[in-house]
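Laboratory data are not the source of any read-out in this text; all were calculated from the coordinates shown. Please read these numbers as outputs of a predicted model, since none were measured by experiment. We place every Cβ from the backbone using ideal geometry, glycine too, and count neighbours over all the protein chains shown.
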Amino acid sequence: MAIADPAAVVPSRVPVWHGLEEVPAGHGRCVLTLGVFDGVHRGHARLIGEAVRLGESRGLPVVLVTFTPHPASVVGARKDTAALCSLGRRAELAAALGVDAICVLPFTREFAQLSPEKFAATVLARKLRADAVVVGENFTFGHRGAGTVDTLRRLGRRHGFTTFSAVLLREGDVRFSSTHIRDCLRRGDVRAATRALGRPHRVDGVLRDRELMVARGTALPAPGPYTALLAETRRVPVWVSERRTVAIEATDLPSGAVQLEFVGNRLAEVPPAPDRRRHDVSEPGRAVRSESR
Ligand SMILES: Cc1cc2nc3c(=O)[nH]c(=O)nc-3n(C[C@H](O)[C@H](O)[C@H](O)COP(=O)(O)O)c2cc1C
Ligand SMILES: Nc1ncnc2c1ncn2[C@@H]1O[C@H](COP(=O)(O)OP(=O)(O)OP(=O)(O)O)[C@@H](O)[C@H]1O
C-alpha cells in the first residue's frame, strides 16, 4: 500500500515559494542555483556551497530553484525518476546548506514548451531578479533541453545576470548524480548510495505492525535484506519486499510516522571490503568558472 507523501509536510527552515506567484513582492536581486536536486547528493551540495559563497561575497540571498515533478517524467523520457527524497526533505537539506529560500516551479507540459530565451528573460531575470546563476556544467534548460551553460551565459549578458558553471563532482569514474544513486539502490548497494549522497539513503513512511509503508514513487533498494537505522538511533534488520514495503525484523517498535536509513547491504550480495576499491574524491578548491559581465 502506498501513502501520501508524509515528508512533504516537514517544515523547512526557510521560505518555500510554490510557483512564481508566491515570490514575495519586493523580492530583491539574488543568486540563483537551478536544477532538480533530487536527494541533494554530494555534487549538489558542492554546487549549493558555491552559490552560498557567491551570495556571501555579493551580499545577496541565495534562492534554490527546483522543478517538480521530475522533468523527465513529464516529457516522457525513458528514465527512472523514483524520488530519492520528498520535496519537503529537499528543502530541509538545501536550507541546512545555507540557501535562503526555495522556489518550486511546477514542471508542466506547458512550462516545458518555454524557450531558453523566454525562461531566462521572464523567470530568471524578471520574476526572480537573478544577479547571478550557478549551475553544473551539464545543466540544460528550455524546450527540448536546448539551452546549455553557453546559452545561459549569452542570455545572462542580455538580461543582466552573471552565469557561473561548476565542474561536476566525481569519484574515480563515477560522476555523482541522482541517476547513479538510483542505480546503486536498484542493485541493492546501499553503501555506494551512501557514498554518493554523503549520508545513508533515508525513507520516510508509516509503520504499522512492523511494516513500513512509503509514498508511491519513493526509491527503495532492491527487494531483500538490509541493515537499517530506525529513527536515527536503533539498528534493525529489515527486508524490502516485492510489494515495496519494508518489514522491520524487531520487537517493541513504535507505530506511526518514522524514518528509516539504509546503512548496510546484504553481505552475501556485495563483495567484502578488499574487493571494493576506494578513490579519493576530486574536490579542487575552487571548481567554478565564471565570466565578467
Ligand atoms: C523552461 C524549461 C523547459 C524545459 N523543456 C524541456 C523539454 O522540452 N524536454 C526535456 O527533455 N527537458 C526539458 N527541460 C528540462 C531540462 O532539460 C533539465 O532537465 C532541467 O532544467 C533540470 O536541470 P537538471 O537536469 O540539470 O537538474 C526544460 C527545463 C526548463 C527550465
Ligand atoms: N556531480 C555534480 N557536481 C556538481 N553539480 C552537479 C552534479 N550533478 C549535478 N549537478 C548540478 O546540480 C544541479 C541539479 O542537477 P540534477 O538534479 O539534474 O542532478 P543529477 O544528479 O544529474 O540528476 P539526474 O541524475 O536525475 O539527472 C544542476 O545545476 C546540475 O548541473
May I ask for the percentage of alpha-carbon pairs in the stretch 14-167 that lie more than 29 Å from each other? 7
Of the convex hull enclosing the alpha-carbon atoms of the stretch 192-272, the direction-averaged projected area in nm² is 5.4
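Given C-alpha coordinates of the chain, what is the ratio Rg to Rh with the Kirkwood estimate of Rh?
Numbers: Rg = 19.9 Å, Rh = 20.1 Å.
Taking Rg over the Kirkwood Rh, I get 0.99.
Where in the stretch 221-267 are there trypsin sites (Lys or Arg not before Pro) that are in a DSSP coil and have at most 13 other Cβ atoms within 10 angstrom of their Cβ? Please report the intermediate quantities before stating the final value.
Values: sites: Arg234, Arg235, Arg243, Arg244, Arg266; in loops: Arg243, Arg244, Arg266.
Within the stretch 221-267, the qualifying trypsin sites (Lys or Arg not before Pro) (loop, at most 13 other Cβ atoms within 10 Å) are Arg243.
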Quick query: amide H of Ala83 versus all other amide H atoms, modeled in the peptide plane; which residues come in under 5 Å with a sequence gap of 5 or more or a different chain? Thr218, Ala219
Once amide H atoms are built 1.01 Å from N in the peptide plane, which residues 5 or more positions from Gly136, or in another chain, come under 5 Å H to H? Ala166
Rounded to the nearest 10 degrees, what's the angle between the helix 149-159 long axis and the longest principal axis of the chain, both from Cα atoms, 0 to 90? 40
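Which is the longest part of the chain that has none of the GluC sites (Glu not before Pro) sitting in a DSSP loop with at most 15 other Cβ atoms within 10 Å? The partial results should precede the final answer.
Details: sites that count: Glu137, Glu232, Glu242, Glu249, Glu291.
Looking at the chain, 1-136 is the longest stretch - no exposed GluC sites (Glu not before Pro) with at most 15 other Cβ atoms within 10 Å.
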